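Here is the structure we will look at.
The values are calculated or read from the model by the stated rules, or taken from the named source; none is laboratory data. Please read all numbers here as calculations on a predicted model, not as lab measurements. Cβ placement follows ideal geometry from the backbone for every residue including glycine, while neighbour counts extend to all protein chains displayed. For the accessible areas, the whole protein counts, side chains as well, though only heavy atoms, and no ligand, DNA or RNA atoms are used. Shrake-Rupley method; radii C 1.70, N 1.55, O 1.52, S 1.80 Å.
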Amino acid sequence: MYEQVSHTLLNDILNRIKPEISEQDLRHFYTRLGANFYGIHSLFQRLYGDRDDFADLAQQLVETMAQQYIKRPVKLRQLDLAREKDYNWFLSQQWIGMALYCKGFAGTLSGLQERLHYFQELGINLVHVMPVLRCPEGSSDGGYAVSDFHEINPELGTLEDVQLLAEEMQKRDILLVLDVVVNHTSNKHFWATRARAGEKKYQDYYYSFENRNIPDMFEQSMPEIFPETAPGNFTWDEEMGRWVMTVFNDFQWDLNYSNPTVFIEMLNIILFWANQGADILRLDAVAFLWKKIGSTCQNEREAHLLLQLLKDCCQVTAPGVVFIAEAIVAPVEMVKYFGEDAVIAKECEIAYNATFMALLWDAVATKNTRLLNQGIKSLPVKLERATWLNYVRCHDDIGLGFDDRDILLCDYEPVRHRKFLVNYFTGKHDGSHARGLPFGQNAKTGDTRISGSLASLVGLEYALETGDNKAIGDSIKLILLLHGMILSFGGIPLLYYGDEIGTLNSDTYRDDPNKKGDTRWVHRPSIDWDKAERRNMPGTVEYEIFSALKRMIAVRKEIDVFADFNNRDLIEVENPYLFVFGRYHLKKPNEQVLVVANFSNKPQHLNLEDLGSWWSQYRPLVDLYRGESPDIFKNSLVIPGFGFYWLCER
Ligand code: GLC
């Protein structure tokens, strides 16, 4: 949009721009800057417009973008142009992700490079390597307490190893996802060190207070994220003699984004990582970016403005790079991280579908799909050019963040229902074989979340220990059923490393004093590559899971309607054990897939009349995954216990 104020400012900036920038051929950069500048200016103005040094700050902002553009490798600039043309590239059904810790998966970055064939064997072509940056030993929160945003954790390798990994992945058409921990730094970051030494400039990078007056006000409305290990949201720093805001662990200092210098620093870091060859950047804990007394300090309007601004700026310098929002918040809040445009994502193109994940786990525990259906019905419609990251497990806990209204609509009482789920997954409920552990128990609110590996949560650990073959079979079926859902729902499926070979809980974290208080480590494994070898031995658990997932992934890639264009209809059916939805092609009406999943351990019937028009179009049917026709009995489709179908016309 043309607007005089922003246009004049842009002209002034370009007139004053440093010679080392103006001498370069920045054609594409300037085109994009011109196109985006109105938005950039408005957002920057709304956030920081009341400052006397606003014009200088705007100058710095543009120079930061330009300098990173100059450093952007030619190959990546070409990729930018290609992706600008093929702008829906990330919505394709071709992408299948896996999240992993470099150390647990392969030891080092070069080790990871040597294991790339493993991803290709399974069909994975998007790999989220969790933080690889320098962190203080012991107080690292698994890499999410960064002490240097440019330096690699020496245990894992060097920056060159990351670049080599990115290049090799690009050759193999595997996307690289890296984190940028935008909300906080480690208390050992040099900004924190300088703040501690009394430098006002760096104290302003964080929220710190000489007494408890303001912290106490904040505490009145802020929840606790890690109530057991890090109660409260402020930490006393003896050396600085001040209280510092530490929403997560006491060694993670929250950044102060009301300071524009912090914004520019973090933008620079984001663009730096885009330039190292990351295709996708996962922005960590984005719901927490803005703090306001009297609020929960989550999902604030300004947090969205900051993300919009980051997106606009990234589009100027590195438009081929997309963002993932890690915002594990209520469903209505979650969709806002795509931005508020009618069609195009203006904040993050991709967001974790934490609601679907938690609902799937509800269906596992209750063995019915009442809440799953209700929750999906209430899931707000997302933008067209935005997509979900659908997952079953990740490195974090499972939060039971469904909407209380949905729970009530299913005739459950919210507090009791959540308690049931926690008891179920920690194996306390009668008949439950789950081996999860409680996480984040909050004595004040009664909230509890759940840790545990997928295999242990679905009873495989119990089944193997007791040698119960039927239970082993059921656990495997559940693992496949859950993956069958994330692979067909719409969005990018994100597998979690180790789940593809049925990795169980690991207790070793208990021997590490820095980890033992955090049960999430029970499901952050070191891959046992001997166990992984068994994926090639028919009859083993590893083979059953790995080969089935491999097939599912291969089939998904072939099915156009599995691409995410908001082309899904939830189909409400009478049978409360079934989850049924249809996927359709926006342009080719004959291309449709009907997904039918049975969350009970007994065979179930689906009355074909329940399917309405979805049925008449679907005779005769074939299950794409098995290549067979499903059983039909007395005008009903029969679905085996813990079974699912991806049905399409033969
Ligand atoms: C994100 C990460 C989590 C970490 C937290 C604080 O939620 O996924 O592992 O503890 O941010 O950085």
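In this structure, Phe642 does not satisfy being in contact (Cβ under 8 Å) with a residue 60 or more places away in the chain, in a strand (DSSP E or B) and touching a strand residue (DSSP E or B) at 6+ places or on another chain (Cβ under 9 Å). Out of the residues in the stretch 291-329 meeting the condition of being within 16 Å of the ligand (Cβ to nearest atom) and out of contact with any helix residue (DSSP H, G or I) (no Cβ under 8 Å at 6 or more places or on another chain), tell me which one is most open to solvent (accessible area, probe 1.4 Å). That would be Thr296.
Taken together, Phe190, Phe218, Phe234 contain a single residue that is more than 15 Å from the ligand (Cβ to nearest atom), aromatic (Phe, Trp, Tyr), open to solvent by 20 Å² or more (accessible area, probe 1.4 Å) and farther than 30 Å from Ser92 by Cα, which is Phe190. Applying the set (1) open to solvent by 40 Å² or more (accessible area, probe 1.4 Å); (2) modelled with pLDDT under 95 to Ser139 leaves exactly one unmet item: (1). Can you find a residue in the stretch 373-387 that is at pLDDT 95 or above, of a type outside the set (Lys, Arg) and within 16 Å of the ligand (Cβ to nearest atom)? Within the stretch 373-387 (the criterion being at pLDDT 95 or above, of a type outside the set (Lys, Arg) and within 16 Å of the ligand (Cβ to nearest atom)), the answer is no, since none of the residues qualifies.
For (1) of a type outside the set (Gly, Ala, Ser); (2) open to solvent by less than 30 Å² (accessible area, probe 1.4 Å), each residue gets a yes or a no:
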| site | (1), (2) |
| --- | --- |
| Ala548 | no, yes |
| Met552 | yes, yes |
| Asp560 | yes, no |
| Phe565 | yes, no |
| Glu572 | yes, no |
| Phe581 | yes, yes |
| Glu591 | yes, no |
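Within the stretch 563-595, the set of residues being outside any loop (DSSP other than H, G, I, E, B) and hydrophobic (A, V, I, L, M, F, W, C) comprises Leu570, Leu578, Phe579, Val580, Phe581, Val593, Leu594, Val595.
Based on what the data block shows, is Phe356 farther than 21 Å from Ala303 by Cα and assigned to a helix (DSSP H, G or I)? Here the answer is yes, as Phe356 does meet what is asked. Screening Leu409 with (1) more than 16 Å from the ligand (Cβ to nearest atom); (2) of a type in the set (A, V, I, L, M); (3) closer than 30 Å to Glu461 by Cβ gives one miss only, at (3). Within the stretch 154-179, the set of residues being crowded, with 22+ Cβ neighbours inside 10 Å and either within 16 Å of the ligand (Cβ to nearest atom) or not aliphatic (A, V, I, L, M) (or both) comprises Val177, Leu178, Asp179. Inside the stretch 607-629, residues that are open to solvent by less than 20 Å² (accessible area, probe 1.4 Å) and either assigned to a loop (DSSP other than H, G, I, E, B) or over 22 Å from Leu487 (Cα atoms) (or both) make up a count of 2. Residues that are open to solvent by less than 10 Å² (accessible area, probe 1.4 Å) and within 16 Å of the ligand (Cβ to nearest atom) within the stretch 247-269 comprise Val247, Gln252, Trp253, Asp254, Leu255, Tyr257, Met266, Ile269, listed in sequence order.
Within the stretch 101-111, which residues are more than 17 Å from Leu494 (Cβ to Cβ) and either free of Cβ contacts under 8 Å to residues at least 60 places away in the same chain or open to solvent by 30 Å² or more (accessible area, probe 1.4 Å) (or both)? Once the filter is applied, which keeps residues that are more than 17 Å from Leu494 (Cβ to Cβ) and either free of Cβ contacts under 8 Å to residues at least 60 places away in the same chain or open to solvent by 30 Å² or more (accessible area, probe 1.4 Å) (or both), the stretch 101-111 yields Lys103, Gly107, Thr108, Leu109, Ser110, Gly111. Scanning the stretch 486-545 for residues being farther than 28 Å from Gln441 by Cβ, of a type in the set (Phe, Trp, Tyr) and surrounded by 15 or more Cβ atoms within 10 Å (Cβ to Cβ) gives a total of 2. Please go through the stretch 204-215 and pick out each residue that is farther than 30 Å from Thr519 by Cβ and either among the acidic types (Asp, Glu) or surrounded by 15 or more Cβ atoms within 10 Å (Cβ to Cβ) (or both). Answer for the stretch 204-215, where residues must be farther than 30 Å from Thr519 by Cβ and either among the acidic types (Asp, Glu) or surrounded by 15 or more Cβ atoms within 10 Å (Cβ to Cβ) (or both): Asp204, Tyr205, Ser208, Phe209, Glu210, Ile214. In the condition set (1) out of contact with any Ser or Thr (no Cβ under 9 Å at 6 or more places or on another chain); (2) within 14 Å of the ligand (Cβ to nearest atom), Ser140 is compliant with all but (1). Answer with yes or no whether Glu340 is away from the ligand (no atom under 16 Å from the Cβ), charged (D, E, K, R) and either farther than 24 Å from Val262 by Cα or under 15 Å from the mean Cα position of the chain (by Cα) (or both). Spelling it out, Glu340 is indeed away from the ligand (no atom under 16 Å from the Cβ), charged (D, E, K, R) and either farther than 24 Å from Val262 by Cα or under 15 Å from the mean Cα position of the chain (by Cα) (or both).
In the stretch 194-203, of all residues being surrounded by 16 or more Cβ atoms within 10 Å (Cβ to Cβ) and of a type outside the set (Phe, Trp, Tyr), the one that is nearest to Ile264 (Cα to Cα) corresponds to Gln203. Scanning the stretch 523-537 for residues that are more than 22 Å from Val129 (Cβ to Cβ) and either part of a loop (DSSP other than H, G, I, E, B) or not charged (D, E, K, R) (or both) returns Asn536, Met537. Just to verify a result, which residue in the stretch 237-246, among those that are farther than 21 Å from Lys444 by Cβ and in contact with a Phe, Trp or Tyr (Cβ under 9 Å, 6 or more places away or on another chain), is farthest from the ligand (Cβ to nearest atom)? Checking each candidate, the answer is Arg242.
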